[in-house]
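One structure is given here, and the rest of the page talks about it.
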Amino acid sequence: MQVRLPKNFFMGAAMSGPQTEGAYKKDHRLESFWDHWSDLSISDFYNKVGSYVGNNFYEKYEEDIKLLKSLHLDSFRTSIQWTRLMDQNQKLNPEGATFYHKVCACARDNGIELFMNLYHFDMPYYLFARGGWMNREVVEAYAVYARTAFRTFGKEIRYWFTFNEPIVEPDQEYRHGVWYPFIKDAKMGMQVQYHISLAHSLAVREFYKAKKEGYMLPDAQIGLINAFAPPYTKENPSPADLEAVRMTDGIHNRWWLDLVTSGTLPQDVLDTLEKLGLAPEMRPGDEEILKCGKTDWLGFNYYQPNRVQAPAAKTDEAGYPKFADPYIWPERKMNVYRGWEIYPKGIYDFGMKMKREYPDMKFFISENGMGVEHEDRFRDESGQIQDDYRIEFVEDHLKWVIKAVEEGANCVGYHYWGLIDNWSWANAFKNRYGFVEVDLMDNYSRKLKKSAHWIKNLIEQRDKEDM
């Protein structure tokens, strides 16, 4: 079917502060976790491109916001950097605040709705050195940061989010050990996940306090963004395969969904963790904090499904219980550059899950995109990258989003990741995601790819039909 965007369905793009801003030592910005890792071992990053670069959004924010407008996008999500807004004494950094005030004003002047996220894996290093999310004091420090942000920008920003993909740091830094400090400790991973849940809940509580006291716009809303990869298993699963699905879904999806809809964590998951010696430490009063975690809405990042089966071994290499092994679906189609399965129907399946299990929670597609290596190969004689593969990817996913909306899913919009090529953690600029190319050899200049014209035309068609 041809893509026809629903009415009253916003279309925008997603970005993040640490992946775009650059200017990593400018205006008293603190050292981040990523800066420290880059200084410690630059060879861990693709082409030895560390965290310092971004795509120069700090200097080009006006150009980039006008670019959004020119493509008829109506909104974009970025993030405040904790390292830029706050000093080491947990006080406001006025120069950092000035930058974000300018971004807010520019978005407003160009008719672009700004969605602001507070945390995108970019902890100040001085807090990471104190234990990071393993330390309850860092949870409290995050609440102070959130309170400061709400009360500084509350009259300028309508839509707020506490975390982007809170499952990633527990996984990458602790459970799988592929990010610094390269720890493989399942129990630590669960403790970090739990502390992030508390931090989210404290931030939501601060949001509603600030709103009640008149610091926020009257219609301001708060949410959480996570990568909710739908779990699948074999066609004829064993009870052990289904158990792998239950725990994978419980830790990666239901944990956060229950938190934002009911202010609780899934009891069946907690019971299993307790039996296996993986339960996080909980303190008296935590239950009341978690009750504050209910949000107004939810962001759903979707790149790939999560296919699992019963684990071949009961424990991992560190001796901790294993819940699942990967399952390779024989019919899968791959993005070979990123090593991710392309399965557009997963975005529909999640929408139906939300309709069945969390019908009162509205959500939007907060990230969806395709990263490709060496896109220069697809440049035509005029110099434009002909990224038909990206157009196909977005079109296929949008079709399933629209089908979910038509069947009653409470999905209200779509943000593509990322509008403009950006730095991407240890992969740096290895895989490009943008509708817009960044030329690293020409002062970060922006050049439209074929997909940029496609998305502009798609939105124009919808706007003409609405007239």
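Values computed for the structure shown
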read-out: Per residue accessible area of the range 183-250, 1.4 Å probe, in Å²; value: 37
read-out: Most to least packed among 79-88, 34-43 [average Cβ atoms within 10 Å]; value: 79-88, 34-43
read-out: Stretch gain in nm, segment residue 442-residue 382, where the contour uses 0.36 nm per residue and the Cα spacing is subtracted; value: 19.9 nm
read-out: Net charge dipole size for the range 212-293 [Lys, Arg +1 and Asp, Glu -1 on Cβ; Debye, nearest 20]; value: 100
read-out: Scattering profile of the range 35-174 at q = 0.09, 0.20, 0.22 Å⁻¹ [log10 I(q)/I(0), Debye over alpha-carbon scatterers]; value: -0.31, -1.34, -1.46
read-out: Ellipsoid semi-axes in whole angstrom, largest first, where each is sqrt(5λ) of the Cα gyration tensor of the range 346-403; value: 34, 10, 8
read-out: Violating pairs (Cα-Cα greater than 21 angstrom) within the set 7/155; 91/187; 102/155; value: 7/155; 91/187
read-out: q = 0.20, 0.21, 0.26 Å⁻¹: log10 I(q)/I(0) that the Debye formula gives for the range 205-277, counting C-alpha atoms only; value: -0.91, -0.96, -1.16
read-out: Computed label-point distance, nm, for sites residue 271 and residue 236 using a 7 Å Cα→Cβ extension; value: 3.0
read-out: From the coordinates shown, Rg and Dmax of the Cα atoms in Å corresponds to which of (i) 21.3, 71; (ii) 24.2, 76; (iii) 21.3, 66; value: (iii)
read-out: Long-range HN-HN contacts of residue 301 with modeled amide H, under 5 Å; value: 226, 227, 228, 366, 367
read-out: Exceeding the 19 Å Cα-Cα cut-off - candidates 345/464; 66/447; 69/456; 403/464; 322/353; value: 345/464; 403/464; 322/353
read-out: Near-label residues of the range 337-354 by backbone N, under 20 Å of a point 7 Å along Cα→Cβ of residue 325; value: 341
read-out: Partners for residue 48 among lysines (Cα-Cα distance below 19 Å; same-chain residues under 8 apart left out); value: 25, 430
read-out: Computed magnitude of the charge dipole of the chain (debye, nearest 20; Cβ of K, R +1, Cβ of D, E -1); value: 620
read-out: Top positive-direction residue, dipole computed over the range 1-129 with Cβ charges, set 75, 23, 116; value: 75
read-out: Peptide ranges 213-219, 225-231 listed from the most packed, as the mean C-beta count within 10 angstrom indicates; value: 225-231, 213-219
read-out: Segment residue 208-residue 412, length gained on full extension (0.36 nm per residue, minus Cα span); value: 71.2 nm
read-out: Protection proxy ranking, peptides 367-373, 106-112, average beta carbon neighbours within 10 Å, highest first; value: 367-373, 106-112
read-out: Positive-end extreme of charge dipole, the range 144-216 - chosen from 186, 198, 154 (charges on Cβ); value: 154
read-out: Length released on extending from residue 337 to residue 40, taking residue separation times 0.36 nm less the Cα-Cα span; value: 104.2 nm
read-out: Rounded Å value of the spacing that divides the Cα centres of the range 127-174 and the range 380-407; value: 33
read-out: Accessible area of the range 114-221 belonging to carbon and sulfur atoms, whole % at 1.4 Å probe; value: 51
read-out: Estimated [θ] at 222 nm from DSSP helical runs (n ≥ 4, -39500 (n - 2.57)) normalised by residues in the chain, nearest 500; value: -12000 deg cm²/dmol
read-out: Whole-Hz ³J(HN,Hα) from phi, Karplus 6.51 cos²θ - 1.76 cosθ + 1.60, for the range 288-300, glycine and proline x; value: 5, 5, 4, 4, 7, x, 5, 10, 7, 6, 8, x, 10
read-out: Label-point separation in nm, residue 219 to residue 104, each point 7 Å along Cα→Cβ; value: 1.8
read-out: Residue among 289, 306, 273 farthest towards the positive dipole end of the range 264-317, charges placed on Cβ; value: 306
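The values are calculated or read from the model by the stated rules, or taken from the named source; none is laboratory data. Only a predicted model underlies this, so the values are computations on that prediction, with no experimental measurement involved. Please note: Cβ atoms are built from the backbone with ideal geometry, for glycine as well, and neighbour counts cover all protein chains shown. To get the accessible areas, we keep the full protein, side chains included, count just its heavy atoms, and leave off ligands, DNA and RNA. Shrake-Rupley method; radii C 1.70, N 1.55, O 1.52, S 1.80 Å.
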